[in-house]
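The values are calculated or read from the model by the stated rules, or taken from the named source; none is laboratory data. Worth saying up front: this structure is predicted, and the values here are computed from it rather than measured. Glycine gets a Cβ as well: all are built from the backbone with ideal geometry, and neighbour counts include every protein chain shown. SASA here: full protein model, heavy atoms, side chains in, ligands and nucleic acids out. Shrake-Rupley method; radii C 1.70, N 1.55, O 1.52, S 1.80 Å.
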Amino acid sequence: MIILDATAVLAMTRGHRALHLLANNVANTPGDWLHIPALCLMHAEAKEKGAVGDVLRLAGVMVDPLGQAAAATVGAMYREGWGGPDVCHALYVAEPHLETGGMSIILTGQEDAYPPGILTVDIGSPGMLGFH
């Protein structure tokens, strides 16, 4: 599963070429989605007006809601200092789930915001996910 955090959402709204190519590829792959945790989307919109609308118009994007169990877990992670609410929601979504299985990848512009052991890819790195 590929997850976009708030920094990746903002980069996408600003025309990040590799992220747009990735979104296009995902949209053309049946059953594939780019996941955006709801709190990451909220954080991006709080930083930049219109970010939500730009990203939600893209095919292949799925917003992961902050349900009851997620809210409790994300709240505990935030309280324990794992990061801001948006980072904690990204971490929660990245946890292995029965329906997704395996390790998730968080695309981010702030790799240092995530604890060791979490698979992150810097959206500014050359060749991000094979795109140049």
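Computed quantities for the displayed model
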item: Residues of region 53-106 classified as touching a residue at least 40 places away in the same chain (Cβ under 8 Å), open to solvent by 50 Å² or more (accessible area, probe 1.4 Å) and more than 29 Å from Thr29 (Cβ to Cβ), total; result: 1
item: Neighbours by Cβ (under 9 Å, 6+ apart or cross-chain): first from region 34-49, under 12 Å from Thr13 (Cα atoms); second in a loop (DSSP other than H, G, I, E, B) and among the charged types (D, E, K, R); result: Ala44/Asp5; Glu48/Arg14
item: Subset tally (residues that are open to solvent by less than 40 Å² (accessible area, probe 1.4 Å) and part of a helix (DSSP H, G or I)) for region 20-46; result: 8
item: Filtered residues of region 107-120 (kept if assigned to a loop (DSSP other than H, G, I, E, B), open to solvent by less than 50 Å² (accessible area, probe 1.4 Å) and in contact with a strand residue (DSSP E or B) (Cβ under 6 Å, 6 or more places away or on another chain)); result: Tyr114
item: Hits in region 1-18 - residues which are assigned to a helix (DSSP H, G or I) and closer than 26 Å to Val74 by Cα; result: Ala6, Thr7, Ala8, Val9, Leu10, Ala11, Met12, Thr13
item: Among (1) modelled with pLDDT of 95 or more; (2) within 15 Å of the chain's Cα centre (by Cα) - the single one His20 does not satisfy; result: (1)
item: Residue selected from region 93-132 under the condition of a type in the set (Gly, Ala, Ser) and farther than 20 Å from Ala70 by Cα, by the criterion modelled with the highest pLDDT; result: Gly109
item: So Arg17, is it free of Cβ contacts under 8 Å to residues at least 40 places away in the same chain, open to solvent by 60 Å² or more (accessible area, probe 1.4 Å) and either touching a Phe, Trp or Tyr at 6+ places or on another chain (Cβ under 9 Å) or not aliphatic (A, V, I, L, M) (or both); result: no
